[in-house]
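The values are calculated or read from the model by the stated rules, or taken from the named source; none is laboratory data. Please read these numbers as outputs of a predicted model, since none were measured by experiment. Here Cβ is always computed from backbone atoms with ideal geometry, including for glycine, and neighbour counts include all displayed protein chains. Surface accessibility is based on the protein's heavy atoms, side chains included, excluding ligands, DNA and RNA. Shrake-Rupley method; radii C 1.70, N 1.55, O 1.52, S 1.80 Å.
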Amino acid sequence: MKQIAVGILAHVDAGKTTLSEGLLYAAGEIRRLGRVDAKDTFLDTNEIERKRGITIFSKQAVMSFENSVMTLLDTPGHVDFAAEAERTLGVLDYAILVISGTDGVQSHTKTLWDMLKRHNLPVFVFINKLDLSGSDKERILEELKNEFGDRFVDFTQEEADLSESLAMCDEALMEEYLDGGLKEATVRRTIKRRAVFPCFSGAALKMEGVETFLKAFDRLTEEPAAMEAFGARVFKINQDDKGNRLTFMKITGGSLKVKSLIESAEDATEKINEIRIYSGDKYKTVDEAFPGSVCAVTGPKKTVAGQGLGFEKNASSLTAEPIFSYRVILPKGVEPSVALEKFKELEQEETQLRVTWNGQLKEIQLRLMGEIQLEVLKQLILKRFDLAVEFEEGRIVYKETIENTVEGVGHFEPLRHYAEVHLVLSPLPQGSGMQFEADCPESVLDKNWQRLVLTHLMEKQHLGVLTGSPITDIKITLKSGAAHQKHTEGGDFRQATYRAVRHGLMQANSVLLEPYYAFVIDIPAVNVGKAMTDLDLLGADFSIERPNGDMTKIKGSAPAEAIRNYQKQITAYTHGQGRISCKFSGYGRCRNSEAVIMDIGYDAEGDTQNTADSVFCSHGAGFNVKWSEVTEHMHLPSVLKAKKEEPKQQNVVRASSFHASDEELLKIFENTYGKVETKLPSRAMHTRKEGSASKSTSKGVKRFEKSYLLVDGYNIIFAWDELKKIAQDSLESARGELVNRLAVYKVFSGYEIIVVFDAYKVKGNRGEIEKEQGITIVYTKEAQTADAYIEKAVRELTKQYNVTVATSDGLEQLIIFGSGAYRLPASHLEAEVKQVEAGVTKMVEQYNLETNQQGFLRVLEEKLAEWKEKNGQE
């Protein structure tokens, strides 16, 4: 019988565990069907899993069916546990992707698909929950094809239709189909090489379609070829109820026997004491495991998840990466060193957990995927270690990189020690990670010392100098170095290497990075304007797709910190009709780096555990040399040619790019509904003012990074008829309507907008400033008019920025003109605001119109074809 490892993956709540239960029942491995809501499923055995009703830990079950022995691996569906699912993919032969018949392709579905593609795994699809109202198999199949390609084939259709659909997917199948019919062996091979993705459907809870799927899966799968030499892939580390350390692995070649020796991490040789084959929470022991077996072994203490044994190489790094950091608050009386040891033990088991010790703050910090994982971890720590820990509110895990090439020098020479290292640090493209290499002649530094330097570069997570965050996207090259024939020891090069990295970072132009999410928002078309305003304020880059019925899809990318809680706002303003899905897409420039750096308050020079200083020796004693003076004392010449010093620019702030080019937006508007007579305002407007001195230099007109628009609130309200009418009933409502309309206008204008409301007659009023929808709102203090506040603000702001003031007050306009600001009459502002609003409305209307026209044309074509067929005409 063929032996196959198959994993079940899905977005949370798609019915993945229910399908697993159905497959085990259909194969005769369990006698009764368990239910997730009844907390009695065969694979969700953990108390925390049953309580929450979700899969948290990957579990396995062995089942025999007709010609196959299958190891079924149920993986977590929640995005917080994506790393656990991803690590399991490395031991699979096939994957079953479960799609909800009501929800369709969701954000995590796309993440899982990317993982499956990366591992080149053949995939079977099961469309579940077709018994529920709102489910639609044909719609889901169309979604799959639109998102992932046309190779999804419904295997439940009639044989003739199935053969024709398969032939359209692959050239080899087409040739065989034309030669007389498809052979099942050819179809199996086509599925194996991912040229076809078989789709089945049903309702797992009612066992509808489950047995049909299982029979087809048995027929359409192949056992992978196995090597004669021993090989295995480790995918999980765990602990049993008695505290025994378990290493879960899949045997890919040869065999593994009890008492045999394996080489684990750190070149250690460890003995296998016991081999267990788990099914649910029970297991049987065997003396030998063969290719295809997924087993757990006791004995090894140094194995790690992702490790390759025998001929197998170590797995590549995970795409899922923890981006939230939490400080651990320990119970009174618990020593941090004791707790740290326990957390490190847990880190080996939890794929997506990172444990660090912050020496400066003397605290344990955990890096996690999200709040659900945090809650689970808290319960796990209490159960395992009897520690009732708490966690401080999480914050984003930042990273740092550099944008110029620098040389880093590290020298370590206390008495009877010696090592000097010269490194070149170069920036890499975004997403490259860290790269290390040696480019140093052996005549300068012996090969053994070079290998040692590379080992020390790779063994540590090096920290940046802006916030003490890990560095990334940097290539570090060993260029030169020196050792002493008598006094150099291995530890000397460790010290010199660490200091050289740090020395280079202190000289570089460092850039702070923050994690970004790719997002998809589905909202009613009437809410598009509100969403666009919000997304711009969040610093998102996005595009709007054509509406599908009453709903519009917005896709883009935004800082994770800004958008992770946006679902609550969407639910509020769409009255529950809208939704957002997010997935981690990598790191990009931090949009507010200056504020983040100031808030973290990291002292690079005060971090003695990551020092950039060097140690030299003079008159028989070592002495410390500050990093800024190391090049004056180093023993070897510089490896970089002298260059003109570049200006240091450490704090780089990412600007929103959605309204970066108003010309592009204007082009979109004109393509949508015709020529626009009055152009939308842009940041480049009013570079010079009529009758005033131009703000220029010898190089031309000076362009400011920001443009401010100051609005005399009550003046505008009573100058605009619509707002004036609202103000007659409620002045507060009029203020709110003005702010709402200016928020939309801000997206397209690029202005930083300040609205000033006159409160000089309010007794005891001390003035108030607040922020709403990205608009700064100022209420003047007692005895201060809006005019006075605006005049004062104009004098200050025009020193650094372009400033425009919107008012219909003639005297105020004259004063503003003399202060170096630009004038915008109330009527002109109203016209521009209305044009922006009309543009957004017409954009959505045009999309709807195009969609409806295309639908009408399709119907017309179908009717015409029917008429021709009926009348026998060409």
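Applying a threshold of 6 Å to beta carbon distances and a minimum spacing of six or more residues, or different chains, the list of pairs starting in the stretch 139-168 at a residue that is farther than 15 Å from VAL187 by Cα and ending at one that is part of a helix (DSSP H, G or I) and open to solvent by less than 30 Å² (accessible area, probe 1.4 Å) reads PHE148/TRP113.
THR533 - would you say it is open to solvent by less than 20 Å² (accessible area, probe 1.4 Å), of a type in the set (S, T, N, Q), at negative phi and assigned to a strand (DSSP E or B)?
no
The single residue among ALA540, ALA525 that is in contact with a Gly (Cβ under 7 Å, 6 or more places away or on another chain) and surrounded by 15 or more Cβ atoms within 10 Å (Cβ to Cβ) turns out to be ALA540.
Restricted to the stretch 763-874, the set of strands (runs of 3 or more DSSP E) holding at least 2 residues that are open to solvent by less than 60 Å² (accessible area, probe 1.4 Å) and at pLDDT 65 or above comprises 775-779, 802-806, 822-824. Among the numbered conditions (1) under 26 Å from GLY433 (Cα atoms); (2) hydrophobic (A, V, I, L, M, F, W, C); (3) out of contact with any Lys or Arg (no Cβ under 8 Å at 6 or more places or on another chain), the only one that VAL397 does not meet is (3). Of the residues that make up the stretch 93-102, is at least one outside any strand (DSSP E or B), modelled with pLDDT under 90, open to solvent by 10 Å² or more (accessible area, probe 1.4 Å) and of a type outside the set (A, V, I, L, M, F, W, C)? Yes, the stretch 93-102 contains a residue that is outside any strand (DSSP E or B), modelled with pLDDT under 90, open to solvent by 10 Å² or more (accessible area, probe 1.4 Å) and of a type outside the set (A, V, I, L, M, F, W, C). Considering ALA508, ALA604, the condition of being open to solvent by less than 10 Å² (accessible area, probe 1.4 Å) and modelled with pLDDT of 90 or more is satisfied by ALA508 alone. For the stretch 594-613, the candidate set comprises residues that are hydrophobic (A, V, I, L, M, F, W, C) and outside any helix (DSSP H, G or I); within that set, the residue that is farthest from GLU407 (Cα to Cα) is ALA604.
Looking across the stretch 144-196, just one residue is assigned to a loop (DSSP other than H, G, I, E, B), acidic (Asp, Glu) and surrounded by 17 or more Cβ atoms within 10 Å (Cβ to Cβ), and that is ASP170.
With respect to ALA388, determine if the residue is under 26 Å from ASN610 (Cβ atoms) and among the aliphatic types (A, V, I, L, M).
no
For the stretch 411-427, filtered to residues that are assigned to a loop (DSSP other than H, G, I, E, B) and open to solvent by 40 Å² or more (accessible area, probe 1.4 Å), the residue that is farthest from ASP613 (Cα to Cα) is ARG416.
The set of residues from the stretch 555-569 being of a type outside the set (D, E, K, R), in contact with a strand residue (DSSP E or B) (Cβ under 8 Å, 6 or more places away or on another chain) and under 18 Å from GLY774 (Cβ atoms) comprises GLY556, ALA558, PRO559, ILE563, TYR566.
Figure legend. Inter-residue proximity from the stretch 344-357: first residues among the basic types (Lys, Arg) and part of a strand (DSSP E or B), second residues modelled with pLDDT of 80 or more and open to solvent by less than 20 Å² (accessible area, probe 1.4 Å), beta-carbon distance below 8 Å, spacing 6+ or different chains. Indicated pairs: ARG354/LEU366.
Would you be able to say whether some residue in the stretch 248-255 is open to solvent by 20 Å² or more (accessible area, probe 1.4 Å), over 19 Å from LEU380 (Cβ atoms) and of a type in the set (S, T, N, Q)? The answer is yes; a qualifying residue exists. Taken over the stretch 344-369, the residue count meeting the criterion of being touching a helix residue (DSSP H, G or I) at 6+ places or on another chain (Cβ under 8 Å) and at negative phi is 15. Taking the stretch 256-286 as the region of interest, how many residues are outside any strand (DSSP E or B), surrounded by fewer than 17 Cβ atoms within 10 Å (Cβ to Cβ) and at pLDDT 90 or above? The number of residues fulfilling the criteria is 3. Of all residues in the stretch 544-590, how many are closer than 17 Å to ILE372 by Cα and assigned to a strand (DSSP E or B)? Of the residues in that region, 4 qualify. So which of GLU545, GLU594 ends up being open to solvent by 60 Å² or more (accessible area, probe 1.4 Å) and at pLDDT 85 or above? Of the residues listed, the single one that is open to solvent by 60 Å² or more (accessible area, probe 1.4 Å) and at pLDDT 85 or above is GLU594. When restricted to residues that are modelled with pLDDT of 90 or more and outside any helix (DSSP H, G or I), the stretch 449-483 contains 22.
Test of understanding: among GLU400, GLU393, GLU375, which residue is more than 30 Å from GLU489 (Cα to Cα), part of a helix (DSSP H, G or I) and not small (Gly, Ala, Ser)? Walk me through it before giving the result.
Working: GLU400 fails: part of a helix (DSSP H, G or I); GLU393 fails: part of a helix (DSSP H, G or I).
Residue meeting the stated conditions: GLU375.
Checking each residue in the stretch 197-230 for being open to solvent by 50 Å² or more (accessible area, probe 1.4 Å) and either polar (S, T, N, Q) or not in a loop (DSSP other than H, G, I, E, B) (or both) picks out LEU205, LYS206, GLU208, GLU211, THR212, LYS215, ARG219, MET227. Scanning the stretch 287-296 turns up at least one residue that is out of contact with any strand residue (DSSP E or B) (no Cβ under 6 Å at 6 or more places or on another chain) and either over 23 Å from LEU72 (Cβ atoms) or assigned to a strand (DSSP E or B) (or both).
With respect to the stated conditions, THR18 fails to be farther than 18 Å from TYR278 by Cα, assigned to a loop (DSSP other than H, G, I, E, B), open to solvent by 10 Å² or more (accessible area, probe 1.4 Å) and modelled with pLDDT of 85 or more. Across the stretch 330-338, a minimum of one residue is classified as hydroxyl-bearing (Ser, Thr, Tyr), assigned to a helix (DSSP H, G or I) and surrounded by fewer than 20 Cβ atoms within 10 Å (Cβ to Cβ).
Per-residue answers, yes or no, for (1) open to solvent by 70 Å² or more (accessible area, probe 1.4 Å); (2) assigned to a loop (DSSP other than H, G, I, E, B); (3) at pLDDT 85 or above:
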residue: ARG735; (1), (2), (3): no, no, yes
residue: LEU738; (1), (2), (3): no, no, yes
residue: VAL747; (1), (2), (3): no, no, no
residue: ILE753; (1), (2), (3): no, no, yes
residue: ALA759; (1), (2), (3): no, yes, no
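Does any residue in the stretch 435-459 that is under 12 Å from ALA483 (Cβ atoms) come within less than 7 Å, Cβ to Cβ, of a residue that is part of a loop (DSSP other than H, G, I, E, B) six or more places away or on a different chain, and which pairs are these? Listed by first residue and then by second, the contacts come to GLN450/CYS440. Suppose the filter is hydroxyl-bearing (Ser, Thr, Tyr), under 19 Å from THR401 (Cα atoms) and surrounded by 17 or more Cβ atoms within 10 Å (Cβ to Cβ); does THR497 pass it? Here the answer is yes, as THR497 does meet what is asked. Among the residues of this structure, PHE65 does not count as one that is of a type in the set (Phe, Trp, Tyr) and at pLDDT below 75.
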